[in-house]
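Trainee: Here's a structure for you.
Every number in this text was worked out from the coordinates using simple rules, so none of it is lab data. Just so it is clear, the structure is predicted and the values come from calculations on it, not from any experiment. No Cβ is skipped: glycine too gets one built from the backbone with ideal geometry, and neighbour counts run over all protein chains shown.
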Amino acid sequence: MSADSPAPYGAPSRSDSAPRKPLTLHRLRAMREAGEKIAMLTAYDAASASLLDAAGVDCLLVGDSLGMVMQGHGSTLPVTLEQMVYHTQCVARGNRSAWLIADLPFGSYQGGVEQAVASSVALMQAG
């Protein structure tokens with residue numbers, strides 16, 4: 001089994017309904033303009049992402065809050081860009097259709113525009 005193939009214990013089967021199409025930025029904006037409710041929840045791993053996606057959540061957030069929730073820190077400050085990339089990759093593997101959002105952690109953009117763009121590119125490539 002390759003690293004990108006679904007695990008046998010992966011996302012629940014959607015045989016009871018048609019698979020959702022991936023949410024696009026255009027559709028997300030249309031939902032907002034139409035006053036539709038948009039569900040966004042936080043995920044830090046593939047299993048959580050898979051469950052939330054199967055439940056129909058519109059957006060998944062990989063938050064730097066993982067420093068407190070997953071790592072036991074007292075704040076988000078110790079979270080690195082490399083850690084955010086790792087967790088974004090994990091969530092992306094468990095997600096099929098929700099819009100994926102990832103936080104830029106502290107220290108990954110304060111150096112200026114070039115650093116901010118490079119950090120953003122790393123997260124976009126991750127998921």
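Trainee: Which of the three applies to the stretch 62-127, rounded, prolate or oblate, going by the alpha-carbon gyration tensor with a ≥ b ≥ c and a/c under 1.5 meaning rounded?
Mentor: Oblate is the answer for the stretch 62-127, as a/c is 1.5 or above yet b/c matches or exceeds a/b.
Trainee: Another question about this same structure. Pick out, from Gly63, Val121, Thr24, the residue whose Cα sits farthest towards the positive end of the charge dipole of the chain, with +1 on the Cβ of Lys and Arg and -1 on the Cβ of Asp and Glu.
Mentor: Towards the positive end, the residue furthest out is Thr24.
Trainee: Would you please give the residues with an amide H less than 5 Å from that of Ala102, counting only those at least 5 places away or on a separate chain, with H modeled from the backbone geometry?
Mentor: Placed amide hydrogens put Val62 under 5 Å from Ala102.
Trainee: Nearest 20 debye, what's the magnitude of the dipole of the chain about its Cα centre given +1 on Lys and Arg Cβ and -1 on Asp and Glu Cβ?
Mentor: Around 420 debye, computed over the chain.
Trainee: Here's another thing I want to ask about it. I want to verify a result. In a Gaussian network model of the chain, Cα cutoff 10 Å, which of these has the top mean-square fluctuation: Ser50, Ser108, Ser97?
Mentor: Ser108
Trainee: Per residue of the stretch 38-48, what does 6.51 cos²θ - 1.76 cosθ + 1.60 with θ = phi - 60° give for ³J(HN,Hα)? Whole Hz please, x for Gly and Pro, Karplus curve as stated.
Mentor: Per-residue couplings from phi come out as 10, 8, 9, 10, 8, 9, 10, 8, 5, 5, 5 Hz.
Trainee: Let me ask you something else. Report the one residue of Ile38, Val85, Gly72 whose Cα lies farthest in the direction of the positive end of the charge dipole of the chain (charges on C-beta: Lys and Arg +1, Asp and Glu -1; origin at the Cα centre).
Mentor: Ile38
Trainee: How long is the gain from Lys37 to His73 if the chain were fully straight, where each residue apart is worth 0.36 nm and the alpha carbon distance is subtracted?
Mentor: My answer for the length gained is 9.7 nm.
Trainee: Given the options Leu100, Leu23, Leu66, state which has the largest fluctuation in a GNM of the chain using a 10 Å cut-off (strictly under) for Cα springs.
Mentor: Leu23
Trainee: If each residue of separation counts as 0.36 nm, what is the full-extension length gain between Arg20 and Gln125 once their alpha-carbon separation is subtracted?
Mentor: Residue separation times 0.36 nm, minus the Cα-Cα distance, leaves 35.5 nm.
Trainee: Comparing Met84, Met31, Met68, which has the greatest mean-square fluctuation in the GNM of the chain with Cα pairs linked when under 10 Å apart?
Mentor: Highest fluctuation of the listed residues: Met31.
Trainee: Run the simple label-point estimate for Ala118 and Leu28 please: 7 Å along Cα→C-beta, distance reported in nm.
Mentor: The two pseudo-label positions are separated by 2.6 nm.
Trainee: By how many nm would the segment from Thr80 to Asp45 lengthen if fully extended, with 0.36 nm per residue of separation less the alpha-carbon distance?
Mentor: Fully extending the segment from Thr80 to Asp45 adds 11.0 nm.
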